[in-house]
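Each remark here refers to the structure printed beneath this line.
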Amino acid sequence: MKLYGSKPSPYVRRLRLLMAEIEHEFVVVDIYAPKDRAMLKKHNPTLKIPMLDDNTQIVLDSRVIFNYLADKGLVESINVEQENLLTEVDAAGDSFVQMFLLKRSGIDTEADALYFKLQRERIEAVFEHLEHMVNTQAFKEWHFLCMSLFALIDWLAFRELFELSSYPNLMDFHQRCLSIESVQQTDPRKD
């Protein structure tokens, strides 16, 4: 089993956390390098990471990979409440990634444009809700939902994209997770 992705990606990192106890090879991909893009394009027309190759079975997207591994009995599935919260994490993550890529492309993401307003509104709504939910039963065990939230928050800190000081529960959650061995082993700041 091979997991393809970049070290900083929150979508890749959550799978690296999930797969910490599953034998696999992690293949680092630079999605901007022509050679890596060509390899991705051959197997994955979305040109997105992560991508899992399980003995020639290609699985795309972190959520689909999670479900694939759960269906194989390799990881524990999550319930509907947790799936809904994961959808919130993914929605905020997608907004942050879009804003990050636009900013790296030289576009002023602070502009008073509808697209940017909608992204900021989604991020705020999700983070306000997660701030209240992070201390509920849904986040009590270290499972894919928690790994996903941690990976997003840590990516935001790593990229210095968002100030969490208005969200003390999320900040506390992030701090608590930093001591987990797999979190330390997948830290994109190390290398």
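If we count every other residue with Cβ under 10 angstrom of MET147's Cβ, Lys/Arg +1 and Asp/Glu -1, where does the sum land?
+3
Considering the dipole of the range 1-100 built from charges on the beta carbon (Lys and Arg +1, Asp and Glu -1) around the Cα centre, which of LEU52, PRO34, GLN98 is farthest to its positive end?
It is PRO34, whose Cα lies furthest towards the positive end.
The range 23-89 to the range 132-191: how many Å between their Cα centroids?
Cα centres, the range 23-89 to the range 132-191: 20 Å.
Keeping all protein chains in place, calculate the accessible area per residue for the chain (probe 1.4 angstrom), answer in Å².
About 54 Å² of surface per residue is accessible.
Taking the Cα centre of the chain as origin, sum charge times position over the Cβ atoms of Lys and Arg (+1) and Asp and Glu (-1), and report the length of that vector in debye to the nearest 20.
With Lys and Arg at +1 and Asp and Glu at -1, about 720 debye.
Given a Förster distance of 25 Å, report the FRET efficiency between ILE22 and ASP187 from their Cβ-Cβ distance, rounded to the nearest 0.05.
Working from the Cβ atoms, E equals 0.80.
What is the sum of charges, Lys and Arg at +1 and Asp and Glu at -1, for the other residues whose Cβ falls under 12 Å from the Cβ of VAL27?
Charge balance near VAL27 sits at -1.
Placing one identical point scatterer on every Cα of the range 1-47 and ignoring solvent, what is log10 I(q)/I(0) from the Debye formula at q = 0.13, 0.15, 0.21 Å⁻¹?
Those come out to -0.30, -0.39, -0.73, one per q.
Give me the Debye-computed log₁₀ of I(q)/I(0) at q = 0.21, 0.22, 0.23 Å⁻¹ for the range 1-82, equal point scatterers on Cα only, no solvent, two decimals.
The calculated log intensity ratios at q = 0.21, 0.22, 0.23 Å⁻¹ are -0.95, -1.03, -1.12.
Given (i) 8, 24, 17, 18, 21, 11, 1; (ii) 8, 35, 37, 17, 2; (iii) 9, 38, 36, 14, 3, 0, which label gives P(r) over Cα pairs in 10 Å bins from 0, in percent as computed from the coordinates?
Evaluating P(r) over Cα pairs in 10 Å bins from 0, in percent on these atoms matches (ii).
Got the relative contact order for the chain handy, in percent, Cα pairs under 8 Å and 6 or more residues apart?
Rounded, it is 25 percent for the chain.
Please give, to one decimal in nm, the separation of the simple spin-label points placed at ALA125 and SER179, each 7 Å out from Cα toward the Cβ.
Placing both labels 7 Å along Cα→Cβ, they lie 3.7 nm apart.
Averaging over all projection directions, find the projected area of the Cα convex hull of the range 70-174 and quote it in nm² with one decimal place.
7.5 nm²
By per-residue mean of other Cβ atoms within 10 Å, what is the highest-first order of 13-26, 52-65?
So the order, starting with the most tightly packed, is 13-26, 52-65.
In the neighborhood of TYR11, defined by Cβ-to-Cβ distances under 13 Å, what is the net charge if each Lys or Arg adds +1 and each Asp or Glu adds -1?
Every neighbour counted, the sum reads +2.
The values are calculated or read from the model by the stated rules, or taken from the named source; none is laboratory data. Please read all numbers here as calculations on a predicted model, not as lab measurements. In this analysis, Cβ positions are derived from the backbone assuming ideal geometry, glycine residues included, and neighbour counts consider all displayed protein chains. Surface accessibility is based on the protein's heavy atoms, side chains included, excluding ligands, DNA and RNA. Shrake-Rupley method; radii C 1.70, N 1.55, O 1.52, S 1.80 Å.
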